[in-house]
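Please treat every number below as a calculation from the coordinates, not as lab data. Predicted model only: the values in this text are computed from it and were never measured. Methodologically, a virtual Cβ is constructed for each residue, glycine included, from the backbone with ideal geometry; neighbour enumeration extends over all protein chains shown.
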């Protein structure tokens, strides 16, 4: 082996050490500064997610946007894939011309795509699967003077089977109170509209009808007990026809 | 802990006190073969990530693609999550793709330039320049489109960053470099390092590998702790969902397993707890040479599991590369010599064996801590 390499001067070791500590503190704070749970919470009469530790959040508030984000190392390492219960999701896009005729149907993920591309396609589809639980207001919401009544967009079942859902915008006061109500998140709608625009541009379609098919994973309890028929049947959620 | 300063990938002992151990851990010059291996592995991983996406560049990355310019504007207006999670586009900062705009032509130019740069880095050509360009271009692609961002992508950014740090500093000290070497990097980084008198020990290689090791350990432990937030990991049924994935397995398939449920649940729960144990105890064994088989076995099992069971093509190779960063130069030289011997490459086998012996001998005769002026 060659002679030992050159050694560093003391000042460089000190400066480098400070840089190392600062960098790793930023990385560790990023890892800690993620909400956890949901955990049992007596205060919430059930379970609720908990905020990250204050010290980590305080450091992260500075280092994540001001340092790690520019290094492309901004991450909490709380991987979504750590959650084993992920529903299966695929998208069906019906491309229509100006007369409303279906000119093409696109599936995402594409069964014929290579595995690497399919992961990306599945990721986009998964992004359209994160519904929000929408709580009805505790008391009647009254709009301010000259203000419109607050509206929300929810998934509405087409029939009693709850296997087909459509988007419906309704007054917040008229939200159903006899069942859990879910609606698309803002992020989902951004993704849906953008993907529909892309398909319309690419294929020369006037409108795109976007349908999400999802299936809840089969629970391991099925090894011991029967579930009601249709418990794991796929559900279709129609985003409607999205403009170009 | 070994007494060898070349065994820089072993956990630091407290011999000489904390400061000495700290300096030895971070700033000990080492044979740079470990950095070269990580560079080559990372280069292949970048290509594995990029090349299969070549067919739909505009859709995946273009500002007229799946996530278009209007979507960026709409997403930027989304409010941050009250629990502290930021909007998916809040941390995007920069990407060369944003400069390319809607042009499929310039996007293709950027993409194929990235491929060429990554190939050059992987081979070890002009590493100081190509390491920087690789980081800039690869992370431009991995972090450009939030609609297709996947968990494993962060590993590419992590590898690209530390490989860049290593090769930016590699070869700056020691021999007086020419201006060309200042700009492009030393010429002895070709493949696994070529130099007739042997590879020169490098502080930069140690520093970059140490940073990668600690960062990788933080990732492994954090993701292990995160798994504990889900009841299915505690109950040992987390892997069940990979056995009967939605849209692929039917209720009838699952019911068929009732006859073997004890053995199914035994295997699945044991496997889940082995995964958790490996992740949560990772820092304890990752730096210890005697536990190297456990480190490598975990990486290989992770590779097979994520690729063939979960169908995630990036996680597995990333685990292997991250795990490989902990191997010492002696281990690399010994393994490579054995591989060369098996392949009938006697010349290479003898040379690598000599390097391994040289590392060990140098280790035995060199002061473990050196602080002072440049000789």
Problem set entry | residue A:227-residue A:153 FRET efficiency (beta carbon distance; Förster radius 25 Å; 0.05 resolution) | 0.25
For this session: Just report the Cα centroid separation between the range B:182-234 and the range B:309-335, whole Å.
Result: 10 Å
Exercise. To the nearest Å, what is the center-to-center distance of the range A:148-194 and the range A:206-244, using C-alpha atoms only?
Worked result: 15 Å
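Only helical DSSP H runs with n ≥ 4 go in: add -39500 (n - 2.57) per run for chain A, normalise by residue count and round the 222 nm mean residue ellipticity to 500 deg cm²/dmol.
On the way: 4 runs with 64 residues, N = 244.
Mean residue ellipticity, 222 nm, calculated: -8500 deg cm²/dmol.
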Exercise. Among B:316-323, A:204-211, what's the highest-first ranking by average C-beta atoms within 10 angstrom per residue?
Worked result: B:316-323, A:204-211
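Could you give the length gained by full extension between residue B:267 and residue B:307, i.e. 0.36 nm per residue of separation minus their alpha carbon distance, to one decimal place?
12.5 nm
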Problem set entry | Whole-Å semi-axes of the range B:178-278's equivalent ellipsoid (Cα gyration tensor) | 49, 17, 13
Exercise. Between residue B:172 and residue B:51, what FRET efficiency comes out of the Förster formula 1/(1 + (r/R0)^6) with R0 = 30 Å and r the beta carbon distance, rounded to 0.05?
Worked result: 0.40
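Rounded, prolate or oblate, given the Cα gyration tensor of the range B:24-140, with a/c below 1.5 counting as rounded?
oblate
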Exercise. Between the range A:11-89 and the range B:126-158, what's the alpha-carbon centroid distance in Å?
Worked result: 20 Å
Seminar exercise, completed: Most exposed first, judged by fewest Cβ atoms within 10 angstrom, A:237, A:36 run A:36, A:237
For this session: Calculate the translational D of the range A:153-244 in whole µm² s⁻¹ from Stokes-Einstein, where the hydrodynamic radius comes from the Kirkwood formula applied to all Cα pairs, the temperature is 10 °C and the viscosity 1.306 mPa s.
Result: 104 µm²/s
Problem set entry | Kirkwood Rh and Cα Rg combined as Rg over Rh, evaluated for the protein assembly as shown | 1.00
For this session: Calculate for chain B the 222 nm mean residue ellipticity that helices alone would give, adding -39,500 (n - 2.57) per DSSP H run of length 4 or more and normalising by residue count, nearest 500 deg cm²/dmol.
Result: -19000 deg cm²/dmol
Exercise. Percent of alpha carbon pairs in the range B:18-218 separated by more than 20 Å?
Worked result: 60 percent
Exercise. To the nearest 0.05, what FRET efficiency results for residue B:284 and residue B:339 with a Förster distance of 35 Å applied to their C-beta separation?
Worked result: 0.75
Problem set entry | Separation of the residue B:277 and residue B:44 label points, Cα + 7 Å toward Cβ, nm | 3.0 nm
Problem set entry | Value of Rg to Rh for chain B (Rh from inverse mean 1/r over Cα pairs, i.e. Kirkwood) | 1.01
For this session: With a ≥ b ≥ c taken as the square roots of the eigenvalues of the C-alpha gyration tensor of the range A:85-243, please select rounded if a/c is under 1.5 and otherwise prolate if a/b is larger than b/c or oblate if it is not?
Result: oblate
For this session: Give me the distance in nm between label points sitting 7 Å out from Cα along the Cα-to-Cβ direction at residue A:203 and residue B:297, one decimal.
Result: 5.0 nm
Exercise. Using the reciprocal of the averaged 1/r over all distinct C-alpha pairs, how large is the Kirkwood radius of the range A:1-76 in Å?
Worked result: 15.1 Å
For this session: Specify whether the C-alpha gyration tensor of the range A:32-149 places it in the rounded, prolate or oblate class, a ≥ b ≥ c being the square roots of the eigenvalues: rounded for a/c under 1.5, otherwise prolate if a/b is larger than b/c and oblate if not.
Result: oblate
Exercise. Using a simple spin-label model with points 7 Å from Cα along the Cα→Cβ vector, what separation in nm is obtained for residue B:252 and residue A:55?
Worked result: 5.8 nm
